[in-house]
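Student: The structure is given below, and queries will be raised subsequently.
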Amino acid sequence: MMQDNATVGVVVPMFNAERTIRSTLVSICRQNYQALDIIVVDDGSTDKSASIVASCADRDRRIRLIRQSNGGVAHARNRGAASTDAEFLAFVDADDLWAPSKIALQLRALQEGGSSAGLAYCWFAHIDEDGRVFSLHNQPDAQGHVLQRMCRQNFVGNGSSMLVRRSAFERAGQFDPSLRARSAQGCEDLLMCLRIAENYEFRVVPQHLVGYRMTDVSMSSDVMQMLRSCEIVLAEFREKYPQFGSDLDAHLVDMIHWLATRALIEGRFFAACDLLKKSVFLDPRTAISRLPDMVNAYCRARLVPRWIKVRVKRMLNKDAEFRPFYAESIW
């Protein structure tokens, strides 16, 4: 049964996000669906993040600020979830953006799926540090019972893309803070999705409703930590579901390739080489076949001036033309 007045708890973990937090909150407050309880959890910031949130809260009473000593993204998200009694929970990183229809469309998909549907996700666009779209390649279609698909690939992609039922969130054990304790922070989202997929169906909204920001200061830019995190998460499900072993192997190879490409683009050549060696050891044929793609990605990102890239995209009539993910501000 549809609930037009169901409250959605929106949890924003924040650490030193003074450059982006205002834009993130603007995109949340501009949601077409208005019944939001917006909780920003300041995870020990030392910059002006908290004062920016406070000024936003003066303009929109739905925003609340919780402050704590630094405990990591999982602890911050769990703290925010515990501070609201909302039946549905959405999480958004303090540098990502939402399109105005994001929550409304996902809530409809989740409610139409009934109690067996525990998570709704959407497509995401990659955006740069200025909020401009540079990739719309993410277009998965998986829904229903997706555990094996999640073992093969993290098609949800990031924590800002999902809306979950509280019952599914609680049954999954909330976000796991032990990854940070093991110096393996980074794949908390993947672990949450896998654990929810064990007991619930997924629903997809096939629209690019999230702007996922790619910068060299984000958590995912620590490529070796991300790899440790992924290995720990996949090992848990390898033990639980040995029948999905080949899917988990391929997932890890894909992750190593993505991390190596990212390290190369960011100029972390030693890390890129270490990851490439690991990739060749695990799957030499795949690693070698993907080298041209990696070199191409590096050349496009580092060797071609931005104005040329923009003009080429326009000449080729591409969808992603470095346009802003959203164009207007309410504050």
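The values are calculated or read from the model by the stated rules, or taken from the named source; none is laboratory data. Please read all numbers here as calculations on a predicted model, not as lab measurements. We place every Cβ from the backbone using ideal geometry, glycine too, and count neighbours over all the protein chains shown.
Student: Starting from the range 242-253, take each residue that is more than 13 Å from Leu282 (Cβ to Cβ) and list its partners that are modelled with pLDDT of 95 or more and polar (S, T, N, Q), counting only C-beta distances under 8 angstrom and pairs at least six apart or across chains.
Tutor: Qualifying pairs under 8 Å: Phe244/Gln148; Asp247/Gln148.
Student: Sticking with this structure for a sec: Sort out which residues of the range 179-209 are of a type in the set (Gly, Ala, Ser) and at pLDDT below 95, and write them in order of number.
Tutor: The answer is Ala181, Ser183, Ala184, Gly186.
Student: Another question about this same structure. Can you find, within the range 287-313, the residue that is nearest to Glu231 (Cα to Cα) among those that are at pLDDT 85 or above and surrounded by 15 or more Cβ atoms within 10 Å (Cβ to Cβ)?
Tutor: The selected residue is Ala287.
Student: So, one more: If I filter the range 229-245 for residues that are touching a Phe, Trp or Tyr at 6+ places or on another chain (Cβ under 9 Å), among the basic types (Lys, Arg), modelled with pLDDT of 85 or more and more than 30 Å from Ile28 (Cα to Cα), do I get at least one hit?
Tutor: Yes, the range 229-245 has at least one match.
Student: If Thr215 satisfies every condition in (1) in a helix (DSSP H, G or I); (2) within 17 Å of the chain's Cα centre (by Cα); (3) modelled with pLDDT under 90 but one, which is the exception?
Tutor: Unmet condition: (1).
Student: Are any residues in the range 80-104 assigned to a helix (DSSP H, G or I) and either surrounded by fewer than 20 Cβ atoms within 10 Å (Cβ to Cβ) or not assigned by TED's automatic domain parsing to the domain that holds Gln185 (or both), and if so, which ones?
Tutor: Scanning the range 80-104 gives Ala82, Ala104.
Student: Kindly provide the set of residues from the range 168-188 that are in a helix (DSSP H, G or I) and either touching a Leu at 6+ places or on another chain (Cβ under 9 Å) or assigned by TED's automatic domain parsing to the domain that holds Glu231 (or both), ordered by number.
Tutor: Ala168, Phe169, Leu179, Glu188 - these are the residues of the range 168-188 that are in a helix (DSSP H, G or I) and either touching a Leu at 6+ places or on another chain (Cβ under 9 Å) or assigned by TED's automatic domain parsing to the domain that holds Glu231 (or both).
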